[in-house]
Amino acid sequence: MRPEQAQAKTTVGNSTPAPPYSEDDGKALQDWFRAMRDEHPVHQDPATGAWLVLRYADVVTASLDHATYSSELWRAYPAEWGKGDAWGQGRLTEMDPPRHRLLRALIGKAFNQRTVAGLAPEIEATVERLLDAVDGNAGIDVARDLADPLPVMVIAELIGLPFEDRELLRGWADRLLSFEAGELAGEELVKAIDAAGAELLAYLREHYRLRLKAPKDDLFSRLAQAEVDGERLTEEEVVNIGKLLLIGGHVTTACSLASLVFELLRHPDALTAVRQDPDLIPAAVEESVRYRPAVPNSLRLTTHDTELGGVAIPAGQFVSLSALSANHDERQFEDPERFDIRRPHNQHVGFGQGVHYCLGAPLARTEIRIALTALLRRFPVLERTDGPLQYYRNPSIAGLRSFPVAVGRG
């Protein structure tokens, strides 16, 4: 879902307007969020039945309480879907502790600061190759030429997938994520998404089995040999982990990088500042993730009757935690609608909170920092064009799929 898009196309009561859906800079939506944080910070959407949580403090509270707000959403799926406990195998985003904690600790070794630092030279080389391909052009598409291909190349390298398969992997990501919110009920769309997911899992399964026979120095080989509680990970766990890293890590990093460049071009003073002082880039990354989180909301399932923000929520209810609203909550952030790369104490929830804090956040930060540094160095002139912007219209993703800019060497 784009930052400009509403969380729910409905009304609360008889007088509260629905959140606005527009192609503007998001002001109308943030005005709606501000009013709702004051009047209905926790409320049930009559159209979907999900409970929307809009204040920063409430989003953090629910994120930290996995025992009450479960990520195992599959427990509420209709019986005819045939989803049982096996549905959660390896799906870290749909798994609760203790199994989640054990698997995350195992996978997290591939994303610690030391490992990420070791990947920096490969990330730098990949960025240079991508920029070399467009150097000399009068314009580039920040999303398609840089932000989109970079993370899938890096994650494929980390997992141990062939470099020549990068376009195949990008194609699967595009097919799995590029659909309209209103299309979700379409039978043909569901079939298309299922087919793309099955193809990707079959591809990953093939490479997992190769690592069982001939391990290498990569994440898939380590997962193939790893044990949790004295047991080897199942094939289903490993391939689902691979799918999560490729799709989730790819699109969130891509959207975050494109959004950062977008905001810097909208705020020339900030662009000038990071050009003059590259040490400001990490803070600019954090402010952009606050301002336009790639994952605008996360869904949870209540395990028992509870209360949040003074509102009673029954057991078995879906709860949507809005990072987009929480990151603009004036109770937490001074002047939250100001894009401020020098913002102090920027404790945003753009990378999540609690046990589901983004596993790949250190890698994403490193990729974005390296990519922006190279982009600014390579192109002293970087300007918006009149070319149309294209957004992901998947309700779980906020970001640009196409973002043309004019470039030059001054």
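Can you give me the ranges of the helices (runs of 4 or more DSSP H) entirely in region 233-303 with at least 1 residues that are closer than 25 Å to I159 by Cβ and modelled with pLDDT under 95? Let's see the steps before the verdict.
On the way: elements: 235-266, 268-276, 281-291.
In region 233-303, the matching helices (runs of 4 or more DSSP H) lie at 235-266.
List every residue pair whose Cβ atoms sit under 8 Å apart, with the two residues 6 or more apart in sequence or on different chains, where the first one lies in region 136-147 and is under 15 Å from G387 (Cα atoms) and the second, anywhere, is among the basic types (K, R).
Matching pairs, first to second residue: A143/R401; R144/R401.
Starting from residues that are touching a helix residue (DSSP H, G or I) at 6+ places or on another chain (Cβ under 8 Å) and more than 15 Å from S322 (Cβ to Cβ), keep the ones in region 22-50 and report whichever is modelled with the lowest pLDDT.
Ranking the candidates gives S22 first.
Taking only pairs six or more apart or across chains, which ones have beta-carbon atoms under 8 Å, a first residue in region 249-265 that is farther than 16 Å from Q390 by Cα, and a second residue that is of a type in the set (G, A, S) and surrounded by fewer than 24 Cβ atoms within 10 Å (Cβ to Cβ)?
H250/A173; L264/A270
Can you tell me which of (1) of a type in the set (G, A, S); (2) under 22 Å from the mean Cα position of the chain (by Cα); (3) at pLDDT 85 or above is the one G139 doesn't meet?
If we test G139 against (1) of a type in the set (G, A, S); (2) under 22 Å from the mean Cα position of the chain (by Cα); (3) at pLDDT 85 or above, just (2) comes out false.
Restricting the search to region 266-308, which residues are among the acidic types (D, E) and either in contact (Cβ under 8 Å) with a residue 24 or more places away in the chain or within 19 Å of L324 (Cβ to Cβ) (or both)?
So the first thing to find is which residues in region 266-308 are among the acidic types (D, E), and the list is 269, 277, 279, 286-287, 305, 307.
Across region 266-308, the qualifying residues are E286, E287.
So that you can scan it fast, the table gives a plain yes or no per residue for (1) under 26 Å from S325 (Cα atoms); (2) surrounded by 17 or more Cβ atoms within 10 Å (Cβ to Cβ); (3) at pLDDT 95 or above; (4) touching a His at 6+ places or on another chain (Cβ under 8 Å):
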position	(1), (2), (3), (4)
A57	yes, no, yes, no
Y69	yes, yes, yes, no
W81	no, no, no, no
D85	no, no, no, no
P98	no, no, no, no
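Report, ordered by the first and then the second residue, all pairs with beta carbons closer than 8 Å, sequence separation of six or more or different chains, a first member in region 343-359 that is within 16 Å of G248 (Cα to Cα), and a second member that is of a type in the set (V, I, T) and not in a helix (DSSP H, G or I).
G350/V295; G352/V295
Failed condition for A196, given (1) touching a Gly at 6+ places or on another chain (Cβ under 6 Å); (2) at pLDDT below 90, with all others met?
(1)
Give region 210-232 a look and list any residue that's farther than 16 Å from R104 by Cα and not in a loop (DSSP other than H, G, I, E, B), or say none.
Answer for region 210-232, where residues must be farther than 16 Å from R104 by Cα and not in a loop (DSSP other than H, G, I, E, B): L210, R211, L212, K213, S221.
What about A364, is it part of a helix (DSSP H, G or I), surrounded by 15 or more Cβ atoms within 10 Å (Cβ to Cβ) and touching an Asp or Glu at 6+ places or on another chain (Cβ under 7 Å)?
Values: part of a helix (DSSP H, G or I): yes; surrounded by 15 or more Cβ atoms within 10 Å (Cβ to Cβ): yes; touching an Asp or Glu at 6+ places or on another chain (Cβ under 7 Å): no.
Answer is no for this residue.
Output the residue which, of all residues in region 100-115 that are exposed (fewer than 15 other Cβ atoms within 10 Å of the Cβ) and under 15 Å from L245 (Cβ atoms), is farthest from the chain's Cα centre (by Cα).
Of everything passing the filter in region 100-115, K109 is farthest from the chain's Cα centre (by Cα).
The values are calculated or read from the model by the stated rules, or taken from the named source; none is laboratory data. What you are looking at is a predicted structure, and each value in this text was computed from that prediction instead of being measured. So basically every Cβ, Gly included, is an ideal-geometry build from the backbone, and we count neighbours across all protein chains shown.
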